[in-house]
Amino acid sequence: MKQEQIDRINELYRKSKAEGLTEAEKKEQDLLRKQFVADVRGSLTAQLNNIDMVNPDGTVENLGEKYGKAGTKKTS
């Protein structure tokens, strides 16, 4: 998400507390918030899928591969 979009989320939040939002602004705020949450989830999923665990026998196991890389697209 771009910084301008994050700034807009914050701007709409401040305006909602100060004077209220129009219906169009409420829809924009909802859309921006959903996009922000989706971006955070995608980033977290990518980080979790790249965790390697070293087993007691010294082997390295990628937990993302073990548990199916949920939320990522596979390309062939």
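Since every read-out is calculated from the coordinates, none of them should be taken as a lab result. This one's a predicted model, so the numbers in the text were calculated from it and none came from an experiment. Positions of Cβ are backbone-derived with ideal geometry, glycine not excepted, and every protein chain shown enters the neighbour counts.
With r defined as the distance between the Cβ atoms of residue 9 and residue 67 and R0 fixed at 25 Å, what FRET efficiency is calculated, to the nearest 0.05?
0.20
Model label sites at residue 40 and residue 21, defined 7 Å from Cα along the beta-carbon direction, differ in position by 1.5 nm.
Can you give the net charge of the other residues whose Cβ lies under 15 Å from the Cβ of residue 21, counting K and R as +1 and D and E as -1? Mind dumping the intermediate values first?
Values: positive: 8, 14, 15, 17, 26, 27, 33; negative: 11, 19, 23, 25, 28, 30.
Around residue 21, the charge tally is +1.
With helices as the sole contributors, the chain gives -20500 deg cm²/dmol at 222 nm; each DSSP H run of n ≥ 4 counts as -39500 (n - 2.57), and the sum is divided by every residue. Residue-wise HN-Hα couplings along segment 40-46, as the Karplus relation 6.51 cos²θ - 1.76 cosθ + 1.60 with θ = phi - 60° gives them from phi, are 5, 4, x, 5, 5, 4, 4 Hz; Gly and Pro carry x. For segment 1-55, the equivalent ellipsoid derived from the Cα gyration tensor has semi-axes of 33, 10, 8 Å, listed largest first. Ranked for footprinting exposure by Cβ neighbours inside 10 Å, fewest first, 45, 22 give 22, 45.
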